[in-house]
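Below is one structure, written out as structure tokens; the observations come after it.
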Amino acid sequence: MMSVKKFKGTSLPEILTRIRSEFGDNAVILKTEEINRKHPRFVSSNRVVVTAAGEPVKSAQLPSTLPSSKTTVEEFLASNLERSNDQVSNKATLSIRPSETIVTNIAEELCTRLLQQGIDGKILERMLEICLRHLDAGALQNRIVFVKFLTYLFLRTLTRYDGSAPTDCSQPICFLGRSGAGKSTTIAKLAVTFLRQGRDVVVIAPRGGRKQLLDLLSERRGLTYLEAYDGTEVGRFVDFYRDTHVVLIDTPSITTELALVQRFLPSDPSIERHLVLKADAQEHNLYATLEAFEQLGFSKLVFTNLDQTGQFGTLLNTMYIADRPISFLSEGTSSHGTIHPYSKEKLVALLRIE
Ligand SMILES: Nc1nc2c(ncn2[C@@H]2O[C@H](COP(=O)(O)OP(=O)(O)O)[C@@H](O)[C@H]2O)c(=O)[nH]1
Ligand SMILES: [Mg+2]
């Protein structure tokens, strides 16, 4: 029986020795990764992860029967989604049925393509496992069916974040994030979008930010720009405008001192906090940012710089790690850029599964 497995360790030679002892000399290396994750959920000291495929030397140890086919896809996904919360899943072995080389080829090809998108191997493994359990041999050998099913699985998996992503800014939103993440640009894009729809927009920003923000805005009719000193003042402005205006709140741009941002945030829990992240950032930096901003609290993620990357697996991984939905996806350096409300269809399209 052919299987794909992840081997973790501190050095490549050491892992290769283990792969050889488990899969013999015909093992195929699918992927080699170096892990440098500071996020607390990655507590492992394993720095190198190699994904390999091969025929286990001691095949008797592998389960010989497939799980009961009575489980429906929905049931399987339901229990699977529970497990996906547990990032350090030890379910690393993916069994592929014997004598179906085409299955392996299609699975491998799709797997390689999605790994190139940067999707976490564990998420992908779970998806492929479901495909192998639920599609019959004929369907598994049909690339179109396989792709369709995999797309369906992604959409189903992402459903857990649906219904919580705003598309109309009906609640005031504070945009948090590191300096240069794209907070002001995102606000400018949203402001222009709503102004064009004829809505009134209020932008509240820390003192001294006026010039930069107004320079960003190509459209000003219907815009009210206010500068606030602290969270109390922001809260007062919000209360005054929230019933009639779209309210967007910029926050101080600093790299380390979160207390300054904290001081600017109104305590009103109905004001949403969205963390702005760059889609082209290194994943470990994104996780460090999540961790740093955790103490301020945020309920959604905004990704900027979509135009600066061709890999979108990071978005999916980060959403899983943060366990919070994405609200907006943004591209372009100015207010003329595009801002998309997040949807799972949009993310799946970006991942280019087909
Ligand atoms: N290419 C690209 N550049 C962006 C995007 N969003 C922001 N920027 C640029 O990133 C820089 C920092 O953005 P800014 O909004 O000032 O970040 P802030 O410090 O979080 O307010 C500026 O030069 C922006 O033009 C984006 O989606 N795509
Ligand atoms: Mg700014």
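The values are calculated or read from the model by the stated rules, or taken from the named source; none is laboratory data. These figures come from a predicted structure and were not determined experimentally. Glycine gets a Cβ as well: all are built from the backbone with ideal geometry, and neighbour counts include every protein chain shown. Accessible surface areas use protein heavy atoms only, side chains included; no ligands, DNA or RNA. Shrake-Rupley method; radii C 1.70, N 1.55, O 1.52, S 1.80 Å.
Does residue 257 fit the bill of being at pLDDT below 90, within 21 Å of residue 329 (Cα to Cα) and of a type in the set (Asp, Glu)?
Numbers: at pLDDT below 90: yes; within 21 Å of residue 329 (Cα to Cα): no; of a type in the set (Asp, Glu): yes.
Judged against the criteria, residue 257 is not a match.
For the stretch 285-301, what are the residues that are in a helix (DSSP H, G or I) and either outside the structural domain of residue 347 (by TED's automatic domain parsing) or open to solvent by less than 50 Å² (accessible area, probe 1.4 Å) (or both)?
If the condition is that a residue be in a helix (DSSP H, G or I) and either outside the structural domain of residue 347 (by TED's automatic domain parsing) or open to solvent by less than 50 Å² (accessible area, probe 1.4 Å) (or both), then 286, 287, 288, 289, 290, 292, 293, 296 are the ones that fit.
Name the pairs whose Cβ atoms lie under 6 Å apart, with the first residue in the stretch 11-35 and of a type in the set (Ser, Thr, Tyr), the second open to solvent by less than 50 Å² (accessible area, probe 1.4 Å), and 6 or more positions between them or separate chains?
32/50
So is residue 337 in the same structural domain as residue 228 (by TED's automatic domain parsing) and away from ligand 2 (no atom under 16 Å from the Cβ) or not?
For residue 337, the condition - in the same structural domain as residue 228 (by TED's automatic domain parsing) and away from ligand 2 (no atom under 16 Å from the Cβ) - is not met.
Sort out which residues of the stretch 259-281 are more than 16 Å from ligand 2 (Cβ to nearest atom) and of a type in the set (A, V, I, L, M, F, W, C), and write them in order of number.
Within the stretch 259-281, 259, 271, 279, 281 meet the criteria.
Please work out which one of (1) under 17 Å from residue 337 (Cα atoms); (2) away from ligand 1 (no atom under 16 Å from the Cβ); (3) modelled with pLDDT under 90; (4) surrounded by 18 or more Cβ atoms within 10 Å (Cβ to Cβ) is the condition residue 195 fails and give its number.
Failing condition for residue 195: (3).
Within the stretch 234-244, is there a residue that is of a type outside the set (Phe, Trp, Tyr), at pLDDT below 95 and not in a loop (DSSP other than H, G, I, E, B)?
no
Do we have residue 208 as open to solvent by 10 Å² or more (accessible area, probe 1.4 Å), at pLDDT 85 or above and farther than 18 Å from residue 330 by Cα here?
no
Does at least one position in the stretch 260-270 carry a residue that is open to solvent by 60 Å² or more (accessible area, probe 1.4 Å), hydrophobic (A, V, I, L, M, F, W, C) and at pLDDT below 95?
Among the residues of the stretch 260-270, at least one is open to solvent by 60 Å² or more (accessible area, probe 1.4 Å), hydrophobic (A, V, I, L, M, F, W, C) and at pLDDT below 95, which makes the answer yes.
With (1) modelled with pLDDT of 90 or more; (2) in contact with a Ser or Thr (Cβ under 7 Å, 6 or more places away or on another chain); (3) not in a helix (DSSP H, G or I) as the list, and residue 189 as the residue in question, which single condition is left unmet?
(3)
Could you tell me which residue of the stretch 302-340 is surrounded by the most Cβ atoms within 10 Å (Cβ to Cβ), considering only residues that are part of a strand (DSSP E or B) and among the hydrophobic types (A, V, I, L, M, F, W, C)?
303
Which one is least open to solvent (accessible area, probe 1.4 Å), of the residues in the stretch 341-351 that are closer than 19 Å to residue 194 by Cβ and either assigned by TED's automatic domain parsing to the domain that holds residue 155 or not in a strand (DSSP E or B) (or both)?
342
Across the stretch 246-259, what is the number of residues that are of a type outside the set (Gly, Ala, Ser) and open to solvent by 40 Å² or more (accessible area, probe 1.4 Å)?
Final tally of qualifying residues: 3.
I'd like to check something: does the stretch 282-302 contain any residue that is in contact (Cβ under 8 Å) with a residue 60 or more places away in the chain, among the β-branched types (Val, Ile, Thr), out of contact with any Leu (no Cβ under 6 Å at 6 or more places or on another chain) and more than 16 Å from ligand 2 (Cβ to nearest atom)?
Looking for residues that are in contact (Cβ under 8 Å) with a residue 60 or more places away in the chain, among the β-branched types (Val, Ile, Thr), out of contact with any Leu (no Cβ under 6 Å at 6 or more places or on another chain) and more than 16 Å from ligand 2 (Cβ to nearest atom), one finds none in the stretch 282-302, hence no.
Any residue in the stretch 324-336 that is modelled with pLDDT of 95 or more sitting within a Cβ distance under 6 Å of a residue that is open to solvent by 30 Å² or more (accessible area, probe 1.4 Å) and near ligand 1 (Cβ under 6 Å from one of its atoms)? List the pairs, counting only those 6 or more apart or interchain.
Going by the 6 Å Cβ cut-off, the qualifying pairs are 331/307.
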